[in-house]
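Any read-out appearing in this document is the output of simple, stated calculations on the displayed coordinates, not a laboratory observation. Predicted model only: the values in this text are computed from it and were never measured. Methodologically, a virtual Cβ is constructed for each residue, glycine included, from the backbone with ideal geometry; neighbour enumeration extends over all protein chains shown.
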Amino acid sequence: MNNATDADSGLIARWRQWPLYGRILGALVIGVLLGLILGKRAAVFELPAKIILQLLGALAPPLILIAVTHVLMTTEIKGKTALRLGSLLILNTVVAICVGLFVANLVQPGRWSQQERPETKLDPKEKLTPAQIVVNNIPKSLLGPLGDNSNVIGVIFIAVAFGIALRQQQDRPVVREVVEAAYQALITVLHWVIDVVPIGVMSIVANIVGTKGFGIFLDLGAFIVAVLLALVLQGCWYMLRIRYFSWCRPLDVLRGMRDSLVMAFSTASSTVTMPVTYACLKDKVGVREESASLGALVGANFNNDGTALYEAMAALFAAQLMGIPLSLNEQLIVMLTSIVASVGAAGIPEAGLVTMTLVFTAVKLPLEYITLLVTVDWFLDRCRTTINVLGDVNVSCLLDGRVKQAELAESGPMAGDSVSGRL
Ligand code: ASP
């Protein structure tokens, strides 16, 4: 009996020694194999996948609330930094959409596709107007957004308001201690949940490969290749910017962010990945807490470059399929609406498909074409989510500046909580 327990704990200890990305990649491979072997029967994995994703997603709103409140309470964020954050976000999104439009015009994926015009109708309830997107993100109640991880922007409103209000109370040690204790408790819970992430990843992948399969990939091959090419180009843009406009080195950043990037690909949710992104940025890449918070917690919710790029490309693809290419003016409308639509997309799987209705409606494209994309979205969503997360990393590195301020990060009150040391 004792021997069995020793063996068990030895296995668990060895499993934990693997870095998180290694565990997730292993889980991905097992998931694909299980999906291929079990086929439709792999649907049984839906339940564990849902439970683990839900647990991780539940941590994002409180983490944003506490980490952003803490940064605002303890750090002097200058108007200049806020302005820089805003301009970085806009620049990255505009570049992403331009890259998407450029590749879609060059490769013309709609011309290569044998796909017939789809007949299914999209649920009209899923159509969103820009006004609805804005209203949906304003908190209806103070605690409401905390219980709903699809309204993370609402949590930011609350965190910013409380962070600024608590600045005036920061001389009272009790206020600081409460915020720090809440932060530490959250990190502990995060580690518990992260331990089961690979099981969640294996379940999601087995379920999807088993029930959806790879067949449709051949019909939409040109579109998939074009999207992947555009996402890679966007990734190169980030790396070049990091190389020349921050102290970080691109390869070190990619190495440090492995856990987070692999997790973004596996979960297709940037919100679920957010706590790990934040931890890796601080502890492995080594940017200041303020830069990690602004880039990965605040900016992340407005910064969905992969989604923006994808939505613009999808509109062009649909128009090409119909044989009515979009004019330059119409492509400009696609660009503007894709910016709004990507900001409105929650960091959850397939959120981009819902806000895409905004882009399609703006240039009068039939919404049925979106249902066609649903068939391959389980894969493309993962790829654009990875770029969404890399975009947050890019913003954090650029905010951190050209000179490393390690000593500042180490002397902070939360220094020493080596969050991702165990990830
Ligand atoms: N899944 C993406 C994310 O979590 C959003 C999207 O559907 O584009 O960032």
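Phi angles of the stretch 165-173 translate, via the Karplus equation with coefficients 6.51, -1.76, 1.60 and θ = phi - 60°, into HN-Hα couplings of 5, 6, 3, 5, 9, 5, 6, 7, x Hz per residue; Gly and Pro are given as x. The stretch 218-278 and the stretch 347-364 have their alpha-carbon centroids 21 Å apart. Our estimate of slack between V196 and K80, defined as 0.36 nm per intervening residue step minus the Cα-Cα distance, is 37.7 nm. Can you tally the net charge around R241? Count Lys and Arg as +1, Asp and Glu as -1, for every other residue whose Cβ sits under 14 Å from the Cβ of R241. Charge balance in the 14 Å sphere: +1. The calculated FRET efficiency for the pair I12 and E46, based on their C-beta separation and a Förster distance of 30 Å, comes to about 0.70. For the stretch 89-101, backbone phi angles converted through the Karplus equation (6.51, -1.76, 1.60; θ = phi - 60°) give residue-by-residue couplings of 4, 5, 4, 4, 5, 5, 4, 4, 5, 4, 4, x, 5 Hz, Gly and Pro being listed as x.
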